[in-house]
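Below is one structure, written out as structure tokens, with a few remarks after it.
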Amino acid sequence: MAIILRITPKEPISFYTRAIKTYYFTTKDYIPATTIRGALLEAYLRKNNNNINDFYKKSLNFYVSPAFPLNSAPAHPFLPAITRKSEKFMEEPNSLQNLSKNNVSKYLEKTLNDIKEKSETEEGQYPKPKIGTIVKLIDHESTPYRYVSNKFSSIINMHVAINKFHGSSEAGMLFAYEYKEVGDLWAIASEDLEIDEAYIGKSRYKGAGKVEIKKIKDYKIQNPTEGEWAYCLSPCLDKFLDKTYFEYDNALGKEELYNAWFTYKDIMGRKPLLKVLSPGSIVKMKKINDLDELKPAGLNFIIKIKDLRSFLMEVQ
């Protein structure tokens, strides 16, 4: 049994940054699982007086999903934007429930045509799947369900390195950091660490990154069975080194690169660069060996859902 966490930021957060010269900007509209996990485990270690043995045992199997804004998650192929450039998205009820009974290509074409008719767009405009875009549910009563793309607001702060000998700014060491103004977030965790405060990302000593943590409720992850289509809430990796975690017959989605510190078992401290299925992709499971082993690395949160709206209502 897992749990649902509510993460409430009290300060802007700088996380998952990429540098272009001296400008560090955030590249994601959600907080990756490895970032959240590190922050929670660091807070757990502080709370337990730096008890390393207890921390090591706890960290082996503790996992947490990526953290998304409330009522938000990555869009799947059957939840398209109503036009190629639109920020509005629509989803038919039970959009992923009956995939195994249909020809997927024809079913997707039918779904896009149905949404086109109901979205009242101009002639020639056609729905466009934008897999992985973080979308927020804004209308869950009428059908189709309606969403909008969700992006964090930004604040740019300047930082300067100080020369320890001169006590003044170091030449050529002026940096710009992008901080995100993040509202309440939700995430799935393996257990309650009983912490109520943590710091996420960089610059915690500059008034950034403080969050409150609260357990909302228990939650049972709906794992798929073989032969069913499933939804990737996180990046998904079928094989790593000499082990196969799952096999799939088909997938609809896109690929991205996984680049994060992989701190698990005998490969702690490694930073691999792997090709993975991005969040929002859907896969038809052929064989399932172990979907839990890579969850501490923020991978393979593969969940059986009938549509995104129903899933979001469960985890809020």
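Highest first, please rank the peptides 231-243, 141-153, 28-40 by the mean number of other Cβ atoms sitting within 10 Å of their residues.
Order by mean packing, descending: 28-40, 231-243, 141-153.
Quote the charge dipole size of the chain about the Cα centre in Debye, to the nearest 20; the model charges only the Cβ of Lys and Arg (+1) and of Asp and Glu (-1).
The dipole of the chain has a size of about 680 debye.
So what's region 1-63 giving for Cα Rg divided by 2.2 N^0.38 Å, two decimals?
Rounded to two decimals, the normalised Rg is 1.38.
Per DSSP H run of n ≥ 4, the term is -39500 (n - 2.57); total these for the chain, divide by its residue number, and report the mean residue ellipticity at 222 nm rounded to 500 deg cm²/dmol.
-5000 deg cm²/dmol
Calculate the dipole size of region 74-138 relative to its Cα centre from +1 charges on Lys and Arg beta carbons and -1 charges on Asp and Glu beta carbons; express the result in debye to the nearest 20.
The dipole magnitude comes to about 240 debye.
Can you give me the distance in nm between label points at N157 and E194, each placed 7 Å from the Cα along the Cα-to-Cβ direction?
In this crude spin-label approximation the distance works out to 3.3 nm.
Taking the solvent-accessible surface of protein heavy atoms with a 1.4 Å probe, what is the per residue accessible area of the chain in Å²?
Per residue, the chain has 51 Å² of solvent-accessible surface.
Using 0.36 nm times the number of residues separating S105 and T27, minus their current alpha carbon distance, what extension gain do you get?
Length difference between fully extended and current span is 24.9 nm.
Quote to one decimal, in nm, the extra length available between E42 and M1 on full extension: 0.36 nm per residue of separation minus the C-alpha distance between them.
12.5 nm
If one takes the longest principal axis of the Cα atoms in the chain, at what angle in degrees, from 0 to 90 and to the nearest 10, does the Cα axis of helix 104-119 lie?
90 degrees
Once the Cα gyration tensor of region 74-138 is diagonalised, what are the square roots of 5 times its eigenvalues, in whole Å and ordered largest first, as equivalent ellipsoid semi-axes?
Taking √(5λ) for each Cα gyration eigenvalue gives 18, 15, 10 Å.
Pop out the carbon and sulfur fraction of the accessible area of the chain as a percent, whole number, probe 1.4 Å.
Roughly 46 percent of what the probe reaches on the chain is carbon or sulfur.
When only alpha-carbon atoms count, how far does the chain stretch along each of its three principal axes, as whole angstroms with the largest first?
Between the extreme Cα coordinates on each principal axis of the chain lie 68, 45, 35 Å.
The values are calculated or read from the model by the stated rules, or taken from the named source; none is laboratory data. What you see is a predicted model, and the numbers here were worked out from it, not measured in a lab. All Cβ positions, even for glycine, are placed from backbone atoms using ideal geometry, and neighbour counts span all protein chains on display. Quick note on the areas: whole protein, heavy atoms, side chains included, nothing else; ligands and nucleic acids left out. Shrake-Rupley method; radii C 1.70, N 1.55, O 1.52, S 1.80 Å.
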